[in-house]
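Down below is the structure, laid out as structure tokens.
The values are calculated or read from the model by the stated rules, or taken from the named source; none is laboratory data. Just so it is clear, the structure is predicted and the values come from calculations on it, not from any experiment. Cβ: placed from backbone, ideal geometry, glycine included. Neighbour counts: every protein chain shown.
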Amino acid sequence: MKKQSVRRGLAVAVALGASVALAACSSGSAAPQGAGVSGADYSGPAVTISFWNGWTGGAAPVLVPKLVDQFNKEHKNIVVKNNPLQWGDIAAKMPLAVKAGKGPDVAVAHGDDIATYAAQGLLLKGDDIVKSLGYQASDFPDGLMDAGNYGGTQYGIPWSVTPMGLYVNNDVLKAAGLDPANIPTDKDSYMKALAALKTAGVQGEWVDGYVFTGTFEFESLLWQFGGDLFNDGVTKATFNSDAGVQALTHMTDVIKAGYSPENVAQDGNINALVSSKTAFNWNGVWQTTNTALDKVDWAATAVPQIGTEKAVWSSSTHWMFMNNKGQDKNKTAAAATFVKWMNEHSSGWAETGELPANNKVRNDPALLEKYPNLKPFLDELPYAHYETSAPGISNAMATITTAVNEAVLGKKTPKEALDDAAAKADQLLKQNKAQYGG
Amino acid sequence: MTLPPRRTSCSSRTKPSTVANLAPIVPALRSPRLRRAGGNRRTGIAYVFLAPFLVLFGVFVLAPAVYGLWISLHNWNPLLPNQPFVGLDNYIQLFTPGSLTSGDFWESMSATGIFTVASVPLLLVVPLAVASLLNQKIKGGTVFRAIFFAPYVLGVAVIGVIWKYLLDPQVGVVNHVLGAFGLPDNTPWTVDVPWAWISLVGVTVWWTLGFNTVILLAGLKGISPELYDAASMDGAGVWKKFTNVTLPGLRPVMMFVTTVTILASANMFGQSYLLTKGGPGNQTRTAIMYIADQGLSQNQMGAASAMSYVLFAFLAVISVINFRLQREKSN
């Protein structure tokens, strides 16, 4: 994580520079600091704050109102209005709402959206809030604070993480004469297990070419081989490096060797695991809440180390404070109190198939007592990689899925597919820089 | 949002739906009286009656279309405060090989072309055959008509989900049934070409043939039985009657059906979006799908509007050619 500490150092330097600049010029489009937050508890006049989130499915629609109610009861001077919307609707409505002063005071966003919001000037700079709430990078998994950082300024406060893991169908392993207590952890043992499964007539891992989950597997492998998605300034795609080619070649080799069927449909792999047609599936922690898995004897472990180092893909969600036209500082302060409180009471969030970001909550043994399946995912966090923080990045990310799809379907060699995608991504990154700056 | 003409809006609906489109097939009702002096007054009254629709048309179709043209001359990212004017750059980019948008755009246009060329003939011939059969005096004709029309009632999301399950290469019912008959059971119906095209066209024909059937059936009912009798007396057989009575009698209806079918196929979005995700690679990503992605997901409204206008130009030309061809035939 040397690169990250360098980045953090840079971040501090830039933040210092930015605050000097801010002091000199308080107008313009630069987002103001969400200042005036004192300590953990808001003590100002009574306020009502609006909270937008995309939690419309799973356990969240029950869980969140409960948490919000409890918070409102415990805080006489704050009323939080919970407003769940589809994620897509939030992205569409936020710019206009915030500019009209009608946006939320606090919202949750995915890690790869933070920078896009920040570049539009929709977010308050969070450095002061982070400081006054007493948060340190070490309160969260390694590298997670950086995932909410853009241009050296902290905009997001971590809320949850969702790493990938290896799901195992023990029934299939046993039927093939393999020991479920002995799950592969490295390339050697993984390929041996796949070979043994093939002998028993089972295609052990179904490799697909879609975002869920081929792209996530490719990214995990890319990092395992020591590569990265983009260069440091996010001006150039680097996923077509040797590491990327090795990663994608591993996936196509699994298909070529007959360990995976060709032409797997989207979600085909998790469906195959559920119907005991395959033994392994690289998938996100959210599948731990998939009730269809109840039918089989399954387990989850860390993804095997195929490359030269341990690494795994993870996404994350973050709190952000909105820079509404005429934003009331008291409301922002109350929102900060709410965020801190939520992070402290986030243990139940595991119910939704996401891991609470707060280390204290996550390291509490009570969490694993209630959700034992989460153990391998918690153990993976020290080497998890998060989404790239750059405005408009989703267009460049989409080229990766196209490459994975083309390679997995045998339309192009891994190198051709990745080179083509990287060339396209470079153009898109240039466009993003031109439009969003930064 | 602000994607310009209605035809190229990113609605996932590809069914023809406006009754207004029927207008061209209604023969011009020009009575000689209209040409006399009172004609002007009558024309005026007609405009008064048309005015309410004209207002709606102006506000919801014409104005957005013009606004879209304006947007297409800018680097228009709705998220950002400034929308710099770039003149025709968005259009030039589309016609410059190697630019950010041209490769993807023309790939998507060719996907739309493939789908249109493959689906339109089937969507004309199959419904014509079905309508001819339903036009016979057979028992349960109404029931069959209802059955053929039924899928059309479903939304694209519903048929997308249904067929995604049925056509799944590994666990789908279709491959399972094929396997039971000793045929290949691993055809990648939704994953790889050309099978993905077969799926997309097949699903679309299944989904929308009922609409064309019902229109053509109405057309068939409108052909006078006396013409058939006369043809019989001249010694025409079934085929001669079909080519000399049925087809000419259906011409105006056929023109309408052809036009709306071409437009609907050229605007295909939902089937690809749901069944194939545009894959493999981006080979089944249609023009509308790419325009929607550019405009609504990537916020490149300027580029997306320019693409909409290029697509619009193509469709306009095709529609004009179609009208010309049909008119010449009927003369």
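Considering every residue within the stretch B:201-223, establish whether at least one is within 14 Å of another protein chain (Cβ to nearest Cβ) and modelled with pLDDT of 95 or more.
No, that holds for no residue.
Does A:Leu67 meet the test of being assigned by TED's automatic domain parsing to the domain that holds A:Glu351, more than 22 Å from the chain's Cα centre (by Cα), over 21 Å from A:Asp127 (Cβ atoms) and surrounded by fewer than 15 Cβ atoms within 10 Å (Cβ to Cβ)?
When the stated conditions are applied, A:Leu67 does not pass them.
Among the residues of the stretch A:181-238, which ones are touching a residue at least 12 places away in the same chain (Cβ under 8 Å) and of a type in the set (Lys, Arg)?
The answer is A:Lys187, A:Lys198, A:Lys236.
Can you say whether A:Asn405 is in contact with a Phe, Trp or Tyr (Cβ under 8 Å, 6 or more places away or on another chain), surrounded by fewer than 21 Cβ atoms within 10 Å (Cβ to Cβ), over 27 Å from A:Gly57 (Cα atoms) and touching a residue at least 60 places away in the same chain (Cβ under 8 Å), as far as the supplied structure shows?
no
Looking at (1) touching a residue at least 60 places away in the same chain (Cβ under 8 Å); (2) buried (at least 18 other Cβ atoms within 10 Å of the Cβ); (3) farther than 30 Å from A:Gln287 by Cβ, which is the only condition A:Gly148 fails?
(3)
For every residue, the table says whether it meets (1) on the phi > 0 side of the Ramachandran plot; (2) within 14 Å of chain A (Cβ to nearest Cβ); (3) of a type in the set (A, V, I, L, M).
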{"residue": "B:Leu247", "(1), (2), (3)": "no, no, yes"}
{"residue": "B:Arg251", "(1), (2), (3)": "no, no, no"}
{"residue": "B:Val257", "(1), (2), (3)": "no, no, yes"}
{"residue": "B:Tyr290", "(1), (2), (3)": "no, yes, no"}
{"residue": "B:Ala303", "(1), (2), (3)": "no, yes, yes"}
{"residue": "B:Ala313", "(1), (2), (3)": "no, no, yes"}
{"residue": "B:Ser319", "(1), (2), (3)": "no, no, no"}
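Write out, first by first residue and then by second, each pair whose Cβ atoms fall under 8 Å of each other, whose residues are 6+ apart or on separate chains, and whose first residue, in the stretch A:279-294, is touching a residue at least 24 places away in the same chain (Cβ under 8 Å) while the second is part of a loop (DSSP other than H, G, I, E, B) and charged (D, E, K, R).
These pairs meet every condition: A:Val285/A:Glu354; A:Trp286/A:Glu354.
Restricting to the stretch B:170-209, what's the tally of residues that are surrounded by fewer than 22 Cβ atoms within 10 Å (Cβ to Cβ), assigned to a helix (DSSP H, G or I) and among the small types (Gly, Ala, Ser)?
3
Mind counting the residues in the stretch A:252-266 that are in contact with a strand residue (DSSP E or B) (Cβ under 8 Å, 6 or more places away or on another chain) and not in a helix (DSSP H, G or I)?
5
Report the residue count in the stretch A:363-376 for those that are in contact (Cβ under 8 Å) with a residue 60 or more places away in the chain and in a helix (DSSP H, G or I).
3
Identify the single condition in (1) polar (S, T, N, Q); (2) closer than 23 Å to A:Gly437 by Cβ; (3) more than 14 Å from every other protein chain (Cβ to nearest Cβ); (4) out of contact with any Gly (no Cβ under 9 Å at 6 or more places or on another chain) that A:Asn169 does not satisfy, given that it satisfies every other one.
For A:Asn169, the exception is condition (2).
Which residue, of A:Val79, A:Val47, A:Val64, is under 20 Å from A:Ala109 (Cβ atoms) and of a type outside the set (Gly, Ala, Ser)?
A:Val64
Select from the stretch B:259-280 the residues that are in contact with a Leu (Cβ under 9 Å, 6 or more places away or on another chain) and either more than 14 Å from every other protein chain (Cβ to nearest Cβ) or free of Cβ contacts under 8 Å to residues at least 60 places away in the same chain (or both) and list them in ascending order.
Across the stretch B:259-280, the qualifying residues are B:Thr261, B:Ile262, B:Leu263, B:Ala264, B:Ser265, B:Ala266, B:Asn267, B:Met268, B:Gln271.
Select from the stretch A:379-437 the residues that are within 11 Å of chain B (Cβ to nearest Cβ), small (Gly, Ala, Ser) and not in a helix (DSSP H, G or I) and list them in ascending order.
Selection gives A:Gly392, A:Gly410, A:Gly437.
Being at pLDDT below 95, in a helix (DSSP H, G or I) and either within 14 Å of chain A (Cβ to nearest Cβ) or under 30 Å from B:Val193 (Cβ atoms) (or both) is the requirement here; does B:Gly98 meet it?
The answer is no for B:Gly98.
Checking B:Ile71 against (1) over 25 Å from the mean Cα position of the chain (by Cα); (2) modelled with pLDDT of 95 or more; (3) within 14 Å of chain A (Cβ to nearest Cβ): exactly one of these is not met. Which one?
Here B:Ile71 meets the rest and fails (3).
Collect the residues in the stretch A:160-212 that are touching a strand residue (DSSP E or B) at 6+ places or on another chain (Cβ under 6 Å), hydrophobic (A, V, I, L, M, F, W, C) and outside any loop (DSSP other than H, G, I, E, B), keeping them in residue-number order.
A:Val161, A:Met164, A:Leu166, A:Val168 - these are the residues of the stretch A:160-212 that are touching a strand residue (DSSP E or B) at 6+ places or on another chain (Cβ under 6 Å), hydrophobic (A, V, I, L, M, F, W, C) and outside any loop (DSSP other than H, G, I, E, B).
Under 9 Å between Cβ atoms, which residue pairs at least 6 apart in sequence (or on different chains) link something in the stretch B:176-200 that is within 12 Å of chain A (Cβ to nearest Cβ) and farther than 15 Å from B:Gly279 by Cβ with a partner that is among the polar types (S, T, N, Q) and in a loop (DSSP other than H, G, I, E, B)?
So the pair list comes out as B:Asn186/A:Asn263; B:Asn186/B:Gln170; B:Thr187/A:Asn263.
Taking the stretch A:45-64 on its own, how many of its residues are over 11 Å from A:Asn83 (Cα atoms) and of a type outside the set (A, V, I, L, M)?
Within the stretch A:45-64, residues that are over 11 Å from A:Asn83 (Cα atoms) and of a type outside the set (A, V, I, L, M) number 4.
Taking the stretch A:87-145 as the region of interest, how many residues are over 21 Å from the mean Cα position of the chain (by Cα), surrounded by fewer than 18 Cβ atoms within 10 Å (Cβ to Cβ) and closer than 28 Å to A:Glu380 by Cβ?
The number of residues fulfilling the criteria is 1.
So is B:Asn299 in contact (Cβ under 8 Å) with a residue 40 or more places away in the chain and either charged (D, E, K, R) or not in a helix (DSSP H, G or I) (or both) or not?
yes
Looking at A:Thr249, is it modelled with pLDDT of 95 or more and either within 14 Å of another protein chain (Cβ to nearest Cβ) or part of a helix (DSSP H, G or I) (or both)?
yes
May I ask you to verify whether A:Ser260 is small (Gly, Ala, Ser), over 24 Å from the mean Cα position of the chain (by Cα) and surrounded by fewer than 20 Cβ atoms within 10 Å (Cβ to Cβ)?
In short, no.
So, B:Leu167, is that one buried (at least 16 other Cβ atoms within 10 Å of the Cβ), within 14 Å of chain A (Cβ to nearest Cβ) and of a type in the set (A, V, I, L, M, F, W, C) or not?
Yes.
Do we have any residue at all in the stretch A:129-145 that's assigned to a strand (DSSP E or B), closer than 25 Å to A:Phe218 by Cβ, touching a strand residue (DSSP E or B) at 6+ places or on another chain (Cβ under 8 Å) and touching a residue at least 60 places away in the same chain (Cβ under 8 Å)?
So far as the stretch A:129-145 goes, no, none of its residues is assigned to a strand (DSSP E or B), closer than 25 Å to A:Phe218 by Cβ, touching a strand residue (DSSP E or B) at 6+ places or on another chain (Cβ under 8 Å) and touching a residue at least 60 places away in the same chain (Cβ under 8 Å).
For A:Asn358, indicate whether it is in contact (Cβ under 8 Å) with a residue 60 or more places away in the chain and surrounded by fewer than 21 Cβ atoms within 10 Å (Cβ to Cβ).
When the stated conditions are applied, A:Asn358 does not pass them.
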